[in-house]
Every structure is written in structure tokens, then in C-alpha cells.
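*Asks:* Before anything else, here's the structure in question.
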Amino acid sequence: MEVRSMHFKRRAHAALGDGTLQANLQKFGTAGLAALRARAVDAYGHAEFERLRDAGAEIRDRSLATLDTLIERFEREATRRGATVLFARTRAEARELVLEICRRHGLTKAVKSKSMLSEEAGLNDALAEAGITPVETDLGEYIIQLAGEAPSHIIAPAVHKSKDEVADLFERFHDQPRKTDIPEMTREAREALRRHFVSADLGISGANFLIAETGSGVIVTNEGNGRMVTTLPRVHVAITGIEKVIPTLEDLSTLLRLLTRSATGQPISNYVSFFTGPKAAADRDGPEHMYFVLVDGGRTNLVGSDMQAMLRCIRCGACMNHCPVYKTVGGHAYGWVYPGPMGSVLTPSYVGLENALDLPHAATLCNQCGVVCPVRIPLPDLLRKLREKQVDRGLRPWTERLGLRLWAWAAQRPQIYALGTWWAARYLRFLGGGLKRITRLPLAGRGWTLTRDFPAPPGKTFRELYAKRRRG
Ligand code: SF4
């Protein structure tokens, strides 16, 4: 998928002015998922859930600390059970490996269950160019594939679409009378997808986790499409990031309890599917050939760095469901595969800080994301670190860097700082006039005051008020 994260501000601006999108975002209410999570945590018990979060973070840290040996063990066990494990250093290599598998087995049609790595690698376009038809089978992914769009949420990819927009798409592509009843629409999509399931020769899935002790991949879904993708076609390719390996099934049981409650508020998802090698002689169904494509794509750069905690991510989406910025502008504004706070850290880390300049700033640092993250990723801290790196590397606009330097110089000289703030407080009060609101801030972008007035300060600095109080 093309990286368009450089244009976050422009896209966010467009999203704010898009009435349909705003209505859709409000209607879906990422708040809906947030409320479901809150109910699930209530039911589980807050103290108990906090302990579960500790355990989840510990498992992910332990896995990352021994990632190399875990990957080797996973490869050994998966190979012993008949799967082929392939490694890709880059997203381009991952694409090439999948295409090579298609050529080797003469494959022509792929049914896919959700895989963020395949989005990262732009796999659908590569397959289509090679003459292989990719069909997304997760309902949300299917909708956006029909619309020719990218996912806007990692677990609810079509959250930006209204029911009417989906009804229009189905009418156009299914050659059926337009329906607006959701169960009927779902049935229609299911019928359309059934034809693809039985005619596809390749199944492509992601993996929520890879289990080192058994060489298995695990996916959680609510629609059952993952199970069809991984068992019906004669070849199955699971494509995922190398950081997904965890040691044992016991660890999986802890992480699953966290993942589904944090994502959709469910104690467990409708389907938890394991795939361990191809069909055995005694199996009634399953693929004849099974491949794991494990992709680095920038992940090893984070191992051992001050950003390593981000690799704990189990892709639950809770951070975006609670993020005021995501809830206002939606996922497309972030310009790549991962939106919300996790995307604002992952995107610059994977595609380069210089290609995603605004993302570390696309946050209020309110720490809602940090509070809900099931594996305790300190997202605001990581965003701050990225901001620091931008300043260190001279990637911020010269005006901002000059302003910060001036501020730092003054902040180290209390008398000058006091004089500056004394002057600024009075000047801003003057600008506010009788209304006590500033409609245009000098030296600041128009965005600060375009849709709201800036409250004018009362005219005295904190230092003055504090000194007066002490005197009193
Ligand atoms: S960063 Fe945390 S909250 Fe966000 S998707 Fe990853 S695990 Fe979930």
C-alpha cells in the first residue's frame, strides 16, 4: 500500500469537512467499541484485568527478548509438521515470495482473510498484476475492496462507510435488487463470497499469533471466513510479521483473553482457528500445501531500540477506539495501513520518520491509548520520543525549531523568561479586546483559530498571581 502519511494534515482537514464521513464516524461510534470494552472489563473485574495486562506485557516482552530463538523454534516445529517457512526482509520480498508460490502451484484465484501485513506489502495489487484474482472475505475488507479503498480501522476496516453506501456498492457489484436490511445484506455478501470460497485455489491469511512450541498459526475472527480461507483452497499462505511469535499455547490463552476483550468486548471471538501444517492423510479437509511467510519489514530495527515496546502490539484497535484524534478524522487521514496512536508510532518506525512527519503530532497525548492498551505500550511516551527524534534530526520546520531554541534559551534565564511572559500575557489580552477571545493568533497557523476562538489570557502571568498570593 502506498505511503501517504506525509499529507496527514491535508487529509485530516478534508476529513473534517466531509459531512458524510463525520456522520459515519459518529454513528459507528468507535465509542461503541470503547463501551463494549469497558463493559467487558467491568465483568472481568478491574483489578483482575490489570493483572492480565501485566501478564500480557510480560509475555510480549519475554517473546521479544528471545525473538531469534523463538523464530528458529517456530520454523523447526512448523517444518516438522509439513509447512514451509519462508522469510522476507522487505515487503517487496514478501510480495515476490507469494507470487513465486502462485507460479509454482499454478494458482489463479486467492481468497483472503484479514492480514495487515498483506496491506503493508500491497499484495492485492501485486496479485492482480500477475493475473491472480484476490478476493477479500472479511465482510469489512470485502466492502472496501468493492469500493477500491483502504481499510480505515484495523478490526473494522469499513467503519467509515454508512449502510446506504454499502447498499449502493452491493447493488452495483452483486447484480441484485438494492437491500438495506443488514441481515439481508450480509446474507447476500455471504452468497457472493461462497462462490469464491469454492472456486479459489489459494487461501491467504494473516496470523494473530504464531506458537513456537507447536509451529502453529492462530487467527481470531467473528465471521468464520478465516476458517474457510485456511482449509478450503489447496494452498494456504499465512503472511505475518516476525514479531508475532510467542512461546507456548499457555501464553496464547492469556493473550487471547486480552485481545478479544480489548477489541470488541467479547470474552472470546466467535472463531479461534489454528493451522498447523497442511492436511494430513487422516484429515478430511485442509490445504495440500501450507506456507508461512514471515516478514521483517522494519521490525528488527525496533528490536533493542527505545521503540521496542511497540512490537508488543497485538492489533486489538483499542487505542484508536479511544483516541479523540482518530475518532474525529477517521483512519484514512493517517495515510497508511495503521491508523490511530499505534499507527502514529508504527508508520514512522516502518516507513521512516521523514515520510510521516505529522503523525507523531497527530495526538493530544491525553494517554487514553496508554490506559487501554492491553499490553501496556506507553504510546504517548513513544510519540514524544519520535517528536524528539524529529527535532534532533532537523526534520521539523525551521520556524518551529527556531521558536523552540528561543524558548529554551529564555527558559534558562528566569528574568528574561518572566519579562517575555509578562509582555506576552498583556499583548494577548489586548488582542482579545472586549470579547476576550482571539480570532487570529500572530505567528501561529490559521488552524488554531479557524473553527474556534482562542480564549485570551486574563493579562497576568502565573508568576505574578503566585507572587501576589504569597504577599497576601
Ligand atoms: S497499541 Fe495496544 S491498544 Fe493499540 S492496537 Fe496495539 S495492542 Fe491494541
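The values are calculated or read from the model by the stated rules, or taken from the named source; none is laboratory data. Treat the numbers as computed from the prediction; the structure is a model and nothing was measured. Ideal geometry is used to build each Cβ from the backbone, glycine not excepted, and the neighbour counts take in all protein chains shown. For the accessible areas, the whole protein counts, side chains as well, though only heavy atoms, and no ligand, DNA or RNA atoms are used. Shrake-Rupley method; radii C 1.70, N 1.55, O 1.52, S 1.80 Å.
*Asks:* Calculate the spin-label point distance for W407 paired with R190, positioning each point 7 Å from the Cα along the beta-carbon direction, and give it in nanometres.
*Replies:* 5.5
*Asks:* Expressed as a whole number of Å, what is the distance separating the alpha-carbon centroids of segment 183-231 and segment 322-391?
*Replies:* If you average the Cα positions of each part, the centres end up 30 Å apart.
*Asks:* Under 1.5 on a/c is rounded, so check that first for segment 182-257, then, if it is not, pick prolate when a/b is larger than b/c and oblate when it is not; a ≥ b ≥ c are the square roots of the alpha carbon gyration tensor eigenvalues.
*Replies:* Oblate shape, in that a/c is at least 1.5 and b/c is the bigger or equal ratio.
*Asks:* What order, most packed first, do the peptides 306-314, 432-440, 363-371 have when packing is the mean number of other Cβ atoms within 10 Å of each residue?
*Replies:* Per-residue mean Cβ counts within 10 Å order the peptides as 306-314, 363-371, 432-440.
*Asks:* Another question, then. Between R470 and T364, what length comes free when the chain is fully extended (0.36 nm per residue of separation minus the Cα-Cα distance, one decimal in nm)? Numbers along the way, then the final one.
*Replies:* Working: separation 106, 0.36 × 106 = 38.16 nm, distance 3.36 nm.
Once the chain is fully extended between R470 and T364, it gains 34.8 nm.
*Asks:* Kyte-Doolittle cut-off 0.0, length cut-off 18 Å along the helix's own axis using Cα: show which whole DSSP H helices in the chain pass. Show your work: numbers first, answer last.
*Replies:* Working: long enough: 30-44 (21 Å, 0.51); 46-65 (28 Å, -0.89); 67-80 (19 Å, -0.87); 91-105 (22 Å, -0.62); 182-199 (26 Å, -0.78); 249-264 (22 Å, 0.31); 379-392 (20 Å, -0.93); 398-411 (19 Å, 0.04); 414-432 (27 Å, 0.22).
Membrane-span-like by this criterion, though nothing is claimed about a membrane: 30-44, 249-264, 398-411, 414-432.
*Asks:* Any chance you could check the Cα centroid distance between segment 255-298 and segment 403-472 for me, in angstrom?
*Replies:* Here the two parts' Cα centres lie 56 Å apart.
*Asks:* How much solvent-accessible surface does E100 expose, in Å² to the nearest 10, with a 1.4 Å probe and all protein chains in place?
*Replies:* Using a 1.4 Å probe on the heavy atoms, I get roughly 70 Å².
*Asks:* Further question on the same structure: 222 nm [θ] for the chain, helices only, -39500 (n - 2.57) per DSSP H run of 4+, per residue, to 500? Before the final figure, lay out each step's value.
*Replies:* On the way: 22 runs with 246 residues, N = 472.
Calculated at 222 nm, the ellipticity per residue is -16000 deg cm²/dmol.
*Asks:* May I pose another question? Using only the Cα atoms of segment 8-161, build the gyration tensor, take square roots of its eigenvalues as a ≥ b ≥ c, and label the shape rounded, prolate or oblate: rounded if a/c is under 1.5, else prolate if a/b is larger than b/c, else oblate. Walk me through the intermediate numbers first.
*Replies:* On the way: a/c = 2.27, a/b = 1.12, b/c = 2.02.
Since a/c reaches 1.5 but b/c is at least a/b, the shape of segment 8-161 is classed as oblate.
*Asks:* What net charge is computed for the residues neighbouring M228, neighbours being all others with C-beta under 15 Å from the C-beta of M228, Lys and Arg scored +1, Asp and Glu -1?
*Replies:* Details: positive: K109, K112, K114, R190, R194, R195, R227, R234, K279, R284; negative: E136, D138, E141, E191, D201, E223, D285.
Local net charge: +3.
*Asks:* Taking segment 336-425, which trypsin sites (Lys or Arg not before Pro) meet the DSSP loop condition and have no more than 10 other C-beta atoms within 10 Å?
*Replies:* Numbers: sites: R376, R384, K385, R387, K389, R393, R401, R405; in loops: R376, R393.
Those satisfying the criteria are R393.
*Asks:* Then there is this: Straight-line reach from K460: which lysines have a Cα under 22 Å away, not including same-chain ones fewer than 8 places off?
*Replies:* Leaving aside lysines fewer than 8 places away in the same chain, those within reach of K460 are K436, K468.
*Asks:* Right, here's the next one. Give K327/K385; K114/K161; K27/K112; K9/K327; K114/K244 a once-over and call out the pairs whose C-alpha atoms are over 20 Å from each other. Please report the intermediate quantities before stating the final value.
*Replies:* On the way: K327/K385 23 Å; K114/K161 18 Å; K27/K112 28 Å; K9/K327 15 Å; K114/K244 15 Å.
Going by Cα-Cα distance, K327/K385; K27/K112 fall outside the 20 Å limit.
*Asks:* Dipole of segment 18-103, Cα-centred, from +1 at each Lys and Arg C-beta and -1 at each Asp and Glu C-beta, to the nearest 20 debye? All intermediate terms of the calculation are to be shown ahead of the outcome.
*Replies:* On the way: 15 positive and 14 negative charges, 51 e Å.
The calculated dipole for segment 18-103 is roughly 240 debye.
*Asks:* At a Förster radius of 41 Å, what calculated FRET efficiency corresponds to the Cβ-Cβ distance of L395 and T248, to the nearest 0.05?
*Replies:* Working: r = 42 Å, r/R0 = 1.02.
My answer for the efficiency is 0.45.
*Asks:* A follow-up question, please. Let me know the shape class of the chain, please: from the alpha-carbon gyration tensor, a ≥ b ≥ c as square roots of the eigenvalues, rounded when a/c is under 1.5, otherwise prolate if a/b is greater than b/c, or oblate.
*Replies:* prolate
*Asks:* Which whole-number percent gives the relative contact order of the chain, counting Cα pairs below 8 Å spaced six or more residues apart?
*Replies:* Values: 802 pairs, mean separation 96.1, N = 472.
That works out to 20 percent.
*Asks:* Continuing with this model, one more query. Express as a percent, rounded to the nearest 5, the fraction of DSSP beta bridges in the chain (both residues included) that run antiparallel.
*Replies:* Values: 10 of 35 bridges.
Taking every DSSP beta bridge within the chain, about 30 percent pair in antiparallel fashion.
*Asks:* Please work out the average accessible area per residue across segment 63-182, using the 1.4 Å probe convention, and give it in Å². Intermediate results must be reported in sequence, preceding the final value.
*Replies:* Numbers: 5390 Å² over 120 residues.
Value for segment 63-182: 45 Å² per residue.
*Asks:* On to the next question. With unit charges on the beta carbon (Lys/Arg positive, Asp/Glu negative), name the residue among H289, S305, S262 whose Cα is farthest towards the positive pole of the charge dipole of segment 246-317.
*Replies:* Of the candidates, S262 comes out farthest on the positive side.
*Asks:* Now, a different point. Relative contact order of segment 263-357, please, whole-number percent, based on alpha carbon pairs below 8 angstrom and at least 6 residues apart. Could you put the intermediate results ahead of the total?
*Replies:* Working: 63 pairs, mean separation 18.0, N = 95.
Taking the mean separation of contacting Cα pairs over the length of segment 263-357, I get 19 percent.
*Asks:* Say a paramagnetic label sat at a point 7 Å from the Cα of A38, along Cα to Cβ; which residues of segment 355-396 have their backbone N under 19 Å from it?
*Replies:* 366-374
*Asks:* At a 1.4 Å probe, what is the % contribution of carbon and sulfur to the accessible area of the chain? Before the final figure, lay out each step's value.
*Replies:* Working: 12210 of 22670 Å².
The C+S portion of the solvent-accessible surface of the chain is 54 percent.
*Asks:* Quick one: which of 11-18, 261-268 comes out on top by average Cβ neighbours within 10 Å, and what's the full order, highest first?
*Replies:* On the way: 11-18: 16.1, 261-268: 20.0.
Order by mean packing, descending: 261-268, 11-18.
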